[in-house]
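Contents: one structure, followed by commentary.
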Amino acid sequence: MFSFIPGWLLKLLIRIVEASDTLSRLVNRIAINAIVKRSRSRPHAHSTVHAYTSWTALTDKEWSARHLPAAPRDDLPPLDDLLPLFGRRDEPQRYCPKSTCLFPAFAQYLTDGFLRTETDETNEARNDVRRNTSNHEIDLCTLYGRTAEQTRALRLSSEAEGEKGRLKSQILNGEEYPPFLFRDDRIDPQFAVLDPPLGLKNKQDPAFAGLRSRLFAVGGDRVNSTPQVSMINTLFLREHNRIAGVLETQNKGWDDTRVFETARNIVIVLFIKIVVEDYINHISPAPFRLRADPSVAWKATWNKPNWITTEFSLLYRWHGLIPDTIAWDDKRWPVGETFMENSYLIDGGLLQGFRDMSSQRASALGPFGTPHPLLRVEQASIEQGRVCELASYSEYRKYVGLPPPGRFEDITSDPDAVKILQDCYKKPGDVEFFVGLFAEDLVDNSPLPELILRMVAIDAFSQALTNPLLSEHVFKWQTFSEYGWKLIDQTSTLRDVLARNTAGDIDATPITMSAREAKLI
């Protein structure tokens, strides 16, 4: 984007901009508006309920929204012909040049809160991938629950001194974690209202009794899927309870509910700041850092109520970022052995978990990058795009201001991937949305391909900065307390939160999503 500017001049300009708060805010506002306005603003005229605009399509949020209208097709290739494009080849694993494993861990935790495509485990009777069970907000439902009933089940709900406003937790090996979901190999009745962990139906054999006993009682049904996602949730559980302790001490007249609700307000906004200033800045190839400045959205024409799209739920299928083996406490494990197994986190502790994820590279997105045990997920994703009758990859590139491919080589530089695309599709314009997304080459200085990068940026800002807690008449110190207001200002990264919630030498290993800043193993 800035290749026409000499490097020395670009660095000088960035230093000048960042030295001035006023100038930095202005550049940030211009950049975010330019990113978001690459697509149409909400409300979307279409959803997955009908192939045409209807009142249901405009109001019923159980159906996913869609950026482009339905485009039925009868010329699609067999799935078996496409899966070799995704499956990992018999060659050394390709690693992401920019990211550590902390990046996909945070990405999964973030998106599991609002990308909730219906499955046979979330609704066996209906199981319609056109529908979702999302609240459509970055609301940390992974921590607090998706419904008011779930939130009540997760709260300690105590007026006793030293307990006000807390979430339920337990101490293991001297550290705080969520309580366990199972008691005597049955779901604890106090947590019966929670969404069962996805994948639990495959872990009913008596051989998995130990694994079941270590599943946490949490707000999100996907939190227990891997120990690194449980790790992120545990961090924000500790931060909530730590903040609640400070609020109770500083506000003697507050009851349990006010302490809880204020701590919740603070933690959600801390999380959104980290999404923008840690996560999005890691993704972005831009040379300057973007800021989570809520005022950017206050008068913006794109500030509309959130509604998750079916395209967004598909472009976030980043299974290829997970390496074949993953290190926990200096020992490597086949990734399949770590699914739903929280012992890796509990045994090593939270700080060691963050060190582990920050010290190993993520694998690279792109063709031939998915571990074979996860190919069924790629197949399901292609099928979802077909059921939702998504327009072609080429149409989505045009939609966000990118040139459509004229040749298959414009999609990918990998000759083997080109060959598969040529065998499956008559011309580049026929390539399906999901297939094209993950066939693309990575953008320089980003872990993502071009179309994914652009669509993630559009939705990230237009979904994050429109959060009710960031709105013009809500984003004030009174919503968060004086302590919370200062804490929000002082927090930009996961490392900031980790430093407040773990003992030990946090400086011994960088806590980072960037492989260039890490001490890699």
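Note on TRP477: accessible area approximately 110 square angstrom, rounded to 10, probe 1.4 Å, nucleic acids and ligands left out. Based on every Cα atom in the chain, Rg and the maximum pairwise Cα distance Dmax equal 22.7, 71 Å. Provide the per residue accessible area, probe 1.4 Å, for the stretch 177-289, rounded to a whole number of square angstrom. Normalised by residue count, the accessible surface of the stretch 177-289 is 35 Å². Computed log10 I(q)/I(0) for the stretch 202-358 at 0.20 Å⁻¹: -1.39, from the Debye equation with unit scatterers placed on every C-alpha and solvent omitted. Rounded to the nearest 500 deg cm²/dmol, what is the calculated helix-only ellipticity per residue at 222 nm for the chain, with -39500 (n - 2.57) per DSSP H run of length n ≥ 4? My calculation for the chain gives -11500 deg cm²/dmol from helical runs alone. A simple rule links phi to the HN-Hα coupling: the Karplus curve 6.51 cos²θ - 1.76 cosθ + 1.60 with θ = phi - 60°, which for the stretch 193-198 gives 6, 6, 5, x, x, 4 Hz, with x for Gly and Pro. Based on the Kirkwood approach, the hydrodynamic radius assigned to the stretch 50-182 is 19.7 Å, with every pair of different Cα atoms included.
Within the full protein context, the accessible area of ARG15 is estimated at about 150 Å² for a probe radius of 1.4 Å. Computed across the stretch 118-269, the Kirkwood hydrodynamic radius from all distinct Cα-Cα pairs reaches 16.4 Å.
Both radii come from the Cα set of the stretch 342-483: Rg as radius of gyration, Rh as Kirkwood radius; their ratio Rg/Rh reads 1.10. At a probe radius of 1.4 angstrom, the accessible area of the stretch 321-383 per residue rounds to 34 square angstrom. When SER230, SER492 are compared by accessible area of protein heavy atoms, the largest-first order is SER492, SER230, using a 1.4 Å probe. Ignoring ligands, DNA and RNA, what percent of the accessible area of the chain is carbon or sulfur (1.4 Å)? In the chain, the share of accessible area belonging to carbon and sulfur is 53 percent.
Projected onto the charge dipole of the chain (+1 at Lys/Arg Cβ, -1 at Asp/Glu Cβ, origin at the Cα centre), which of LEU181, ALA503, SER169 gives the Cα projection farthest towards the positive end? Result: ALA503, furthest along the dipole toward the positive end.
For the stretch 440-521, the pair-distance distribution built from all alpha carbon pairs, in bins 10 Å wide starting at 0, is 14, 27, 32, 25, 3 percent. One way to sum up the overall shape of the stretch 235-317 is the equivalent ellipsoid from its Cα gyration tensor, whose semi-axes run 31, 16, 15 Å, largest first.
The values are calculated or read from the model by the stated rules, or taken from the named source; none is laboratory data. Model, not experiment: these values are computed from the prediction. So basically every Cβ, Gly included, is an ideal-geometry build from the backbone, and we count neighbours across all protein chains shown. Note: areas computed on protein heavy atoms with side chains; ligands, DNA, RNA excluded. Shrake-Rupley method; radii C 1.70, N 1.55, O 1.52, S 1.80 Å.
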